[in-house]
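The values are calculated or read from the model by the stated rules, or taken from the named source; none is laboratory data. Keep in mind that what you see is a predicted model, and the values were worked out from it rather than measured. In this analysis, Cβ positions are derived from the backbone assuming ideal geometry, glycine residues included, and neighbour counts consider all displayed protein chains. The protein model used for the area step is the full one, side chains on, heavy atoms only, and it has no ligands, DNA or RNA in it. Shrake-Rupley method; radii C 1.70, N 1.55, O 1.52, S 1.80 Å.
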Amino acid sequence: MRLIRIVFLTLSLVLVLSAREQVNVNFSNLEIDDFIKLISKITNKNILINHKISGTVDFVSTAPVYDDELMGILISVLESKGFTIMRQGSIFEVVRSTDAAKNNAEVVKPGQKLSGSLMVTQSIEIKGENVDVVAAKIRYLISKTAKLMTMKESNILLITDYPSNIETIKKVIKDIDTNNQMIVKVIPIVNAEAKKLQIRLVDITKSLFNDKVASQTVKIILDDNVNGLIVVGNAANVAKIQDLVKKLDVESHISQGVEIFHLKNSDAKGVLASLTEIISKQTFADPAMKPNVSASEEINAIIAIGEPVVIKGIKLILDELDKEKYQVYVQARIVEINKNDAENLGIKYGFAAGDVSSSGLYAMSANFGDNALTATASASVLEYLGDIGSVAKTGFALGATLDFLQTNGASKSISNPSILCVNNKESSIYVGKTISVSTGSVSAGTVPGVTNSYKREDVGLTLKIKPRVSSTDKVTLDVETILENVTDDGSNNATGQPVTSKQEVKTQAILRHGESIIIGGLVKIYDIKAKSKIPFLGDIPWLGEWLFSSTSIKNEEDNLVVILTPYVVDKSEKLSLLQKDLGVLTQLQNEYNQKVFERIEENANIKGSSSQEGAQKQEPNRDNIFNVKSSGEEY
């Protein structure tokens with residue numbers, strides 16, 4: 001009980017001694033020296049005055065003030081006169097304000113809260129901003145006689161000033177330094193592509209943060225080593241970027257970034273060349289967004305890797321490039337027509353047939369165009385064959401003309417090839433043979449003899465066709481016909497080398513579906529020996545040859561004519577139907593020929609035919625147009 005009483009009395013004494021006392025102070029026109037003495041007496045502090053301070057002071061108070069506030073009033077009065085008070089142990093000395101920092105102002109530990117009226121020195125650490133920048137911003141807050149110094153090495157601000165000013169500066173620095181404090185955050189990327197995500201985030205930060213304000217600046221750096229992003233900025237902004245990354249770092253839909261386009265109608269290698277040319281001319285804001293395309297010839301496909309919107313554009317291009325190509329089925333008929341035989345037929349049947357050029361064949365075919373027959377046939381064809389029948393009348397008449405010449409020995413069919421051409425692709429037909437041509441000889445040296453070297457040369461008929469379809473019923477044909485022939489096998493010249501001739505025709509024609517074109521102008525002129533004799537008597541040796549037989553040289557002229565008939569096939573499944581239709585067309589042509597030939601025979605002028613039946617005619621050997629031996633001009 002006694003111990004408790006002693007403790008209570010001790011605490012009461014301490015409270016009494018430390019209690020703030022109130023003082024009533026009110027004076028007017030009081031000398032400053034006297035005011036200093038008054039404050040010293042009231043506060044019970046020893047004040048040393050080394051300077052003469054002139055002037056008076058007035059203090060009007062309507063209420064008492066605390067005794068510890070009087071020292072602050074004194075310092076305020078002295079400050080107006082250029083002086084202040086510094087503590088030297090138990091003595092307070094009046095010094096000039098400009099020299100206050102040199103008079104051992106009390107140094108207070110960093111971070112400690114300040115109080116009192118006397119000048120102190122304290123260091124303030126700047127963490128998130130440049131110390132010189134901060135000093136420039138808070139310099140206006142210090143008192144007129146305060147001292148401010150910066151230490152760049154440690155980014156510390158050293159200040160000597162009154163405690164209230166220093167506390168105000170510390171609060172301002174805290175606000176500035178907190179907002180500008182930069183942190184570094186490494187954010188790993190798990191699912192998305194780090195490069196693409198970085199580009200998106202940089203665009204987003206331009207809208208979220210004002211890059212003109214240093215405290216708002218955020219830097220996003222790509223680090224390939226960790227497949228992540230390094231974000232530099234203040235904590236609040238970095239946290240926003242981190243939240244965005246969590247939302248955007250999702251598993252990518254690989255099926256949208258990679259597409260394999262299987263081509264059905266086009267060649268992958270050719271399509272790749274077109275795509276590569278298109279992509280190379282495009283401009284991308286980010287080169288990394290440029291799509292990659294390659295071709296797989298094994299599966300005939302295009303592989304594209306890129307952004308979904310870019311892949312969508314590539315698909316549109318491929319849809320057009322991979323459309324089913326037009327095909328053109330070309331029937332060719334290569335016919336050799338003898339001019340003399342054709343003229344004889346014209347005399348026999350009463351129509352002009354000597355001109356076997358392209359225009360002459362059309363003129364001659366007019367004699368084989370029966371209106372009644374073509375009307376009936378055309379109706380049948382139009383009903384069954386559709387577009388092919390649109391040129392039935394002309395086609396039947398021309399076909400009947402050629403068949404009539406061949407039936408009567410005035411022409412010979414060299415070849416009747418058919419070729420299926422892809423639109424804008426060249427196709428060719430070659431009919432001929434290969435001959436050996438000497439290229440030189442080498443002496444064997446010590447060994448007797450000469451070694452000859454040869455090369456093989458193709459000699460024949462070459463037909464090249466390149467179609468260009470403009471619509472489903474019209475096509476442009478680029479036609480090239482080359483005719484090569486052997487005029488001398490080497491037996492009739494001193495060199496012993498074969499001599500060849502070459503004739504070439506290039507033309508372009510626009511035809512309708514099923515319409516025919518005749519390419520002529522390839523002429524062979526030669527002489528043929530014809531021998532006539534009286535039966536039995538002409539076979540007598542020596543006597544029969546001189547008395548009962550005769551030999552004559554006859555000039556012959558053969559015209560090589562190429563007839564082309566194109567059929568446009570817009571869909572592959574129509575090809576088999578076309579073959580079937582052409583079979584029906586051939587059957588109708590045969591029926592037409594039979595009826596037209598009967599009509600011509602009935603109307604033909606056959607007067608004097610009995611006298612011509614006994615005449616003998618020596619036919620030239622035309623079994624192969626490349627084996628004809630003659631002394632005249634050939635192809």
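Annotation note: of Leu420, Leu405, the sole residue that is in a strand (DSSP E or B) and hydrophobic (A, V, I, L, M, F, W, C) is Leu420.
With a requirement of 2 or more residues that are at pLDDT 80 or above, the helices (runs of 4 or more DSSP H) lying completely within segment 1-84 that satisfy it span 32-43, 70-80. Whether any residue in segment 155-176 is touching a helix residue (DSSP H, G or I) at 6+ places or on another chain (Cβ under 6 Å), of a type outside the set (Phe, Trp, Tyr), at pLDDT 85 or above and assigned to a loop (DSSP other than H, G, I, E, B) is what I want to check. Checked segment 155-176: at least one residue is touching a helix residue (DSSP H, G or I) at 6+ places or on another chain (Cβ under 6 Å), of a type outside the set (Phe, Trp, Tyr), at pLDDT 85 or above and assigned to a loop (DSSP other than H, G, I, E, B).
Kindly check whether there is at least one residue in segment 279-296 that is within 30 Å of Leu578 (Cβ to Cβ), modelled with pLDDT of 85 or more and open to solvent by less than 20 Å² (accessible area, probe 1.4 Å). No, there is no match, as no residue in segment 279-296 is within 30 Å of Leu578 (Cβ to Cβ), modelled with pLDDT of 85 or more and open to solvent by less than 20 Å² (accessible area, probe 1.4 Å). Inside segment 577-589, can you point out the residues that are open to solvent by less than 90 Å² (accessible area, probe 1.4 Å) and closer than 20 Å to Leu402 by Cβ? Passing the criteria: Leu582, Gly583, Val584, Leu585, Thr586, Leu588, Gln589.
Within segment 124-153, the set of residues being closer than 15 Å to Val172 by Cα and in a strand (DSSP E or B) comprises Ile124, Glu125. The requirement of being surrounded by 14 or more Cβ atoms within 10 Å (Cβ to Cβ), in a helix (DSSP H, G or I) and hydrophobic (A, V, I, L, M, F, W, C) is not satisfied by Leu222.
Is it the case that Ser80 is among the small types (Gly, Ala, Ser) and surrounded by 17 or more Cβ atoms within 10 Å (Cβ to Cβ)? Criteria not met by Ser80. Of the helices (runs of 4 or more DSSP H) lying entirely inside segment 301-379, those containing at least 1 residues that are under 30 Å from Thr283 (Cα atoms) and modelled with pLDDT of 75 or more are 308-321.
Against the numbered list (1) touching a Gly at 6+ places or on another chain (Cβ under 7 Å); (2) among the hydrophobic types (A, V, I, L, M, F, W, C); (3) surrounded by 14 or more Cβ atoms within 10 Å (Cβ to Cβ), Ile241 comes up short only at (1). On the given criteria, is Leu463 touching a helix residue (DSSP H, G or I) at 6+ places or on another chain (Cβ under 9 Å), among the aliphatic types (A, V, I, L, M) and either in a strand (DSSP E or B) or at pLDDT below 75 (or both)? The answer is no for Leu463. Taken over segment 314-330, the residue count meeting the criterion of being in contact (Cβ under 8 Å) with a residue 12 or more places away in the chain and open to solvent by 20 Å² or more (accessible area, probe 1.4 Å) is 10. Checked against (1) crowded, with 17+ Cβ neighbours inside 10 Å; (2) touching a Leu at 6+ places or on another chain (Cβ under 8 Å); (3) assigned to a strand (DSSP E or B), Leu201 passes all but a single condition, namely (3).
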